[in-house]
Number of protein chains: 2
Amino acid sequence: MKVAVMGYGVVGSGVVEVLNKNQESISKRAGQEELAVKYILDLRDFPGDVNEGKFIKDFNIILNDDEVKVVVETMGGLNPAFDFVSKCLNAGKSVVTSNKELVAAKGIELLNIAKEKSVNFLFEASVGGGIPIIRPISQCLAANEIDEIAGILNGTTNFILTKMIEDKMEFADALKLAQDNGYAEKDPTADIEGIDACRKICILASLCYGKHVYPDGVFTQGITKISSEDVEYAKSWGGVIKLIGASKKLSDDKISAWVRPCFVANGSQLASTTDVFNAILVRGDAIGDVVFYGRGAGKLPTASAVVADVIDCAKHVERKKLFGWGESKENYVADYLDLPVTAYVRLSTSDKEKAKSQLGDIKVLTRDNAKSDELAFVISAKTERELNDTLSKLDAEVKNIIPVTDF
Amino acid sequence: MKVAVMGYGVVGSGVVEVLNKNQESISKRAGQEELAVKYILDLRDFPGDVNEGKFIKDFNIILNDDEVKVVVETMGGLNPAFDFVSKCLNAGKSVVTSNKELVAAKGIELLNIAKEKSVNFLFEASVGGGIPIIRPISQCLAANEIDEIAGILNGTTNFILTKMIEDKMEFADALKLAQDNGYAEKDPTADIEGIDACRKICILASLCYGKHVYPDGVFTQGITKISSEDVEYAKSWGGVIKLIGASKKLSDDKISAWVRPCFVANGSQLASTTDVFNAILVRGDAIGDVVFYGRGAGKLPTASAVVADVIDCAKHVERKKLFGWGESKENYVADYLDLPVTAYVRLSTSDKEKAKSQLGDIKVLTRDNAKSDELAFVISAKTERELNDTLSKLDAEVKNIIPVTDF
C-alpha cells in the first residue's frame, strides 16, 4: 500500500522518518507487504534530502494515482488543506491529519464525505500530539456518558507558565525563552492567545458530545494578562495557574466550552503537568476521572500518532465506525457569563475594608510585599455576569479574574 | 446479540448494571439491535435481585446456547475460570475478562485458542481497572518501540502508602483503615505482598514486548516492610514511596520485570498519584513518556472497561488483530540482582563513620529524631548483587533497601 504525505514541515518530515525507519515492523503491523511513502507534496525544494525523487509539487498526481490509498495531511492551515483533503476523500482515499485548525473548522464536513465514500478520516495527532486520546475517548465513551473534559492542551503556554511559576520569570521573558528554545513561533499569537487550545477543546467536545463545536462560539482567553502577582496568589491559595480548555455537558442541547487561565490545586494531575507536557482529564459517569499525559507537540511524538492512524487505515480497509458527530444547533455552547463561577479576583482599591464588606463571603489571599491598595480573594457567584456586576459596583480597579477549577 | 456473565460479584454485577442502564445507547454503539444479558452464572442465590430469572448454575447452558456470542468472565481465580473460558473460545464465542490472574498465567494459551477459532479474547479491565490502557498501548506500539513501562498498578497498596505519607500512619493502622473502607480484603496478602501488581506487570510486559511473562519469574516484594522511618527519609530525599511494577527491554531476548516499593521524585505524575488511583507510564522511542491515570479498581470503573470490550466484540465479528504474543524462552526475565541499581539504604551501625568510609560515594539522608545508630543514604552500584555484597561487609544491620527510580 502506498502513502502520500502532503506538507514536509516538522510533523510531515517526522512522519516520513518514522515510516522509513520502522518500515518493516510497521508494514507487518499494518498487515501489508509494504507500507511505503510514494509522494511528498511540498512547494519548497529539498536538495540533498534522503527522500529526493519522491517530492512533487502537483497535488493532482496524488489525486489521480490509484495506488495511493492513504494520504497524510500535515500542511496546516485551512487552505488549501481543506480543498485537498476533501478531494482525496471524495476520490476514495483515506486521510490522516494532524491539522487541528482543519478538524475544528471543517471536521463535520470531512467526516460526512468520509462516511459517504466509506473511507477513514482520522486525526489522533490533532489533539495532544503523541498522547493517545481520540481513540481512548471513543473507548471510554463506549460504556460511559462523559460529563466533562478538561485539559492542558497547549505545550507552549504551559512552558511559559511553568517558567513564571518555578523560576519567577515575567511573561515577556518566559515567552522569549520559549521562542529561543523553539517552543514558540516568531508570531506566538495562536499559542499565547489560546487559539490553538480552543481548536483542540472544540475537537474533544465534538467527539465527546456528538455535535460539532465551532471555535468562534467558544470563549477564549490567553495568558498574556497573567502577572507574577497572580502567580504568587495562586501559590498562597495552594495551587498553580494553568491554561485550561474545558467543556461540560449541561443538557442534551447545551454544553459549556471555554479556554482560559485557571487556578488548579496542587496535588492534581493537571497541576503536576509542567514544561511542554499536555494532560487531558476525562470525567465519565462510570469510570470517574481518567487522565492522559504526555508530550503534546514535537516532531516525533506527533509523527508517531499520525503513523498509528496510517496503520489503522491500512489495517481496516472498511471505514471505522468509531468517529463521527452531527451538526449542532445555534447557541449549543452556553455563554460563559451565564455559568456559575468560583474565581480568584485581584483588584486595587483605596478602601479595602469597604470593598470587603460589599463583597460579602470571600476568602482573602495574601502575599509578601503586596501593595497597600491591593486586595486579592476567592469568591463564588451564581453566574460570572453576576460576579462582574458585583465587582463593577465597587470603588475599585479590577486587575484580573481567574476561575478556580476542581480539576 | 446475547451476552452471558459468569460471576455475579462486584465487577460482574457492575457489568450487568451498566449494560442494563445504558442498554439503548450501548446497543447502538455496538451496531446491534439489542445487546442484552441472557444468563448470569453464579452458584449463589440472589433472591429479589432485579435480574432474577437470568441466574443459572450450569455452565453448559451458556456453552450450548448459540445465541450467546460474547461471554464475560468475572469470577476471578484460575479454576474453573480457565476451563470455562477455554471451552467458550473453543465453541466460537468471544470472551471478555477482568481476571488478571487468568491472563497472567494462561494468556498465551487463551489467545492461541481465540486465534485458532477466529474469535476475540479481550482483557482491558485486567489492568488499571477503568483506565484505557491495553488498547492505547497497542496504539502506541503501532508506531513506537516501547522501551520501558512502569506503574502504580494496585490501588489498595497505594491507599495504604498515601495514608502513611500524608497522615503519618503506621502500616498496620493504614491497612486496617483500608479494610474498614472496603479497599482491602480480609486476607490482604495478594495486594500487600505485590502479587496483584505482579500479575498486571506480567500482562503489560507480555503485550509490550510480544512474549509471555509468567508471574513466577518476576521478583515481587510488597509493602509490609515499609516503616515510617523510610517514609520520612523519602520525604527528605524529595519524594515518596510507591509500589511500582516495571519492565524494561534489555535486548531482543531479555527484559527486566519486577514489583517493589520505590522512591519516586515529587513533581512526577506517579508521585502525585494518591489514594486508590493507578497510573501507568509508557516510554516509547518516538512518543517519549506517556502516562495513563485513573481509578484502578471499583465496581463501575472496572465494569465500564469490561463493557467497552463487550461492545468491541459485538462490533467486530471477525477477530481483532491487535492483541497477541508468543512464548518466551527460559530466563527471558533477567534476575533483578544482575541489574544496575541506585537505592536508598537504611541501616543501623555502632560506627557510622567507619561505615561511610567503607561505602565510598553515597548521599547521606537525614531526618528529625533519628536514632543515633541509624544511617540512611542513597548509593549506586553496577548490580544489586554487588550492592548487597558491599552492605554485607559492613559491621551493620541493614533495615531496608528501596530502589530510586527515574519515573
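Compute a Gaussian network model of chain A, connecting alpha carbons closer than 10 Å, and tell me which residue from A:ILE113, A:ILE149, A:ILE287 fluctuates the most.
Looking only at A:ILE113, A:ILE149, A:ILE287, the largest GNM fluctuation is found for A:ILE287.
Among B:GLY217, B:GLY151, B:GLY194, which one moves the most in a GNM of chain B with springs linking Cα atoms closer than 10 Å?
Per the Cα network of chain B with a 10 Å cutoff, B:GLY217 tops the list.
Could you tell me whether the protein assembly as shown comes out rounded, prolate or oblate from its Cα gyration tensor? Rule is a ≥ b ≥ c as square roots of the eigenvalues, rounded for a/c under 1.5, then prolate if a/b exceeds b/c, otherwise oblate.
rounded
Once you place label points 7 Å from the Cα toward the Cβ at B:ASP253 and B:ALA265, how far apart are they in nm?
Placing both labels 7 Å along Cα→Cβ, they lie 3.6 nm apart.
Please give the helix A:100-117 orientation as an angle from the longest Cα principal axis of chain A, in degrees from 0 to 90, rounded to the nearest 10.
40
As an exercise, use a Förster radius of 25 Å and the Cβ-Cβ distance of B:ASP389 and B:THR366 to find the FRET efficiency, rounded to the nearest 0.05.
So, using R0 = 25 Å, E works out to roughly 0.45.
Quick one: angle between helix B:299-315 and the longest Cα principal axis of chain B, in degrees between 0 and 90, rounded to 10, please.
In chain B, helix B:299-315 runs at an angle near 50 degrees to the longest axis.
Please report how far the C-alpha centroid of the stretch A:16-56 lies from that of the stretch B:178-212, rounded to the nearest whole angstrom.
42
Estimate the FRET efficiency between A:ASP285 and B:LYS382 by the formula 1/(1 + (r/R0)^6), using the beta-carbon distance for r and 56 Å for R0, to the nearest 0.05.
Approximately 0.65, to the nearest 0.05.
How would you rank B:ASP361, A:ASP312, going from fewest to most other Cβ atoms within 10 Å of each one's own Cβ? Don't skip to the end; give the middle numbers.
Working: B:ASP361 7, A:ASP312 22.
By the 10 Å Cβ count, ascending: B:ASP361, A:ASP312.
For A:GLU145 and B:ASN90, FRET efficiency with R0 = 45 Å and r from the beta-carbon atoms, rounded to 0.05? Intermediate values should be presented prior to the final figure.
On the way: r = 36 Å, r/R0 = 0.81.
Calculated transfer efficiency: 0.80.
Taking trypsin sites (Lys or Arg not before Pro) that fall in a DSSP loop and have at most 12 other Cβ atoms within 10 Å as cut points, what is the longest piece of chain B between them?
Counting at most 12 other Cβ atoms within 10 Å as exposed, the longest clean stretch of chain B is B:187-328.
Would you work out the charge dipole size for the stretch B:134-296 about its Cα centre, treating the Cβ of every Lys and Arg as +1 and the Cβ of every Asp and Glu as -1, and quote it to the nearest 20 debye? Intermediate results must be reported in sequence, preceding the final value.
Details: 17 positive and 22 negative charges, 59 e Å.
Using only the charged Cβ atoms, the result is roughly 280 debye.
Looking at chain A, what % of its DSSP beta bridges pair antiparallel, to the nearest 5?
In chain A, approximately 70 percent of DSSP beta bridges are antiparallel ones.
Short version: ³J(HN,Hα) in whole Hz for each residue of the stretch A:345-360, in order, from phi by Karplus 6.51 cos²θ - 1.76 cosθ + 1.60 (θ = phi - 60°), x for Gly and Pro, what are they?
Computed from phi, the couplings for the stretch A:345-360 are 10, 10, 9, 10, 8, 7, 10, 5, 5, 5, 4, 4, 5, 6, 7, x Hz.
Alpha carbon centre of the stretch A:297-311 versus the stretch B:93-167: separation in Å?
24
All of the numbers you see were taken from the coordinates with simple rules; none came from a lab. Model, not experiment: these values are computed from the prediction. With ideal geometry, Cβ positions are generated from the backbone for all residues, glycine too; neighbour counts draw on all protein chains shown.
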